[in-house]
1. If I histogram all Cα-Cα distances within the chain using bins 5 Å wide from 0, what percent of pairs lands in each bin?
2. Name the residue from Leu51, Thr113, Ile179 whose Cα lies farthest towards the positive end of the charge dipole of the range 2-201, charges +1 on Cβ of Lys and Arg and -1 on Cβ of Asp and Glu.
3. For Lys202 and Glu126, what is the calculated FRET efficiency with R₀ set at 25 Å and r taken between the beta-carbons, to the nearest 0.05?
4. Ignoring ligands, DNA and RNA, please state the percent of accessible area on the chain from carbon and sulfur, probe 1.4 Å.
5. In Å², and per residue, what accessible area does the chain have when probed at 1.4 Å with the other protein chains present?
6. For Thr170 and Glu49, compute 0.36 nm times the residue count separating them, minus their Cα-Cα distance, and round to one decimal in nm.
7. Between Ile179 and Asn56, how high is the FRET efficiency from 1/(1 + (r/R0)^6) when r is the Cβ-Cβ distance and R₀ = 30 Å? Nearest 0.05.
8. Rounded to two decimal places and with Rh computed the Kirkwood way over Cα pairs, what is Rg over Rh for the range 1-94?
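The values are calculated or read from the model by the stated rules, or taken from the named source; none is laboratory data. Just so it is clear, the structure is predicted and the values come from calculations on it, not from any experiment. FYI the Cβ positions are ideal-geometry reconstructions off the backbone, even for glycines, and counts take in every protein chain you see. Surface accessibility is based on the protein's heavy atoms, side chains included, excluding ligands, DNA and RNA. Shrake-Rupley method; radii C 1.70, N 1.55, O 1.52, S 1.80 Å.
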Amino acid sequence: MKILVTGFDPFGGEKVNPALEAVKSLPSEINGAELHWAVIPTVFYKSAEVLEAEINRYQPDVVLCIGQAGGRASLTPERVAINQDDARIPDNQGNQPIDTPIRLDGEAAYFSTLPIKAMVQAIKEEGLPASISNTAGTFVCNHLMYQALYLADKKFPNMRAGFMHIPYMTEQVVNKPNIASMCLRDIVRGIEVAIGAIVDHKDKDLKLVGGATH
């Protein structure tokens, strides 16, 4: 099995992006799966172009995209991506689409094809906080998740794909009082065991409660 893991470059005034720092620190193999990583620009549409080029380059069985979710306290595999861009801030090239569909020929939404509940369970068993997220936002993270699943639907039918958000790294919140963070070592550990769960549960996810009331 080949797995492509992606991380965004810094955005929104941050000097680092924990997603990129984490994926650069991953081993080349997890549970027998061969890992490759790629840096993705935090730019609408260009992010998808780079992702598709990397998919063509590596021909992965699985794509796991990683993104920063400042303010979240846990590692959060995403359940769904919606066909809508609505940028609160400009991307790294100044683009700020509002109420814009991502793909005119795409579904209204795509659900992750990764075993998100098994991923959450594995992270928790590692002693780290994790939960399923039911919104990937409407910025470039949702955009890339949607594009990855669109590509799987339209061009790479044997490929599974999904997205996981991670918290700020500790050094990012020095001047952000009362904002959650996690050390890079723990973020990397969480991603590693999540990938292990992807390998071990490639045929079927666990049947666990993962919903929310709001």
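1. For the chain, the pair-distance distribution reads 1, 8, 16, 21, 22, 17, 10, 4, 1.
2. Sorting the options by dipole projection puts first Ile179.
3. That pair, Lys202 with Glu126, gives E of 0.80.
4. 49 percent
5. Dividing the accessible area of the chain by its residue count gives 46 Å².
6. 40.4 nm
7. 0.20
8. Rg/Rh: 0.96.
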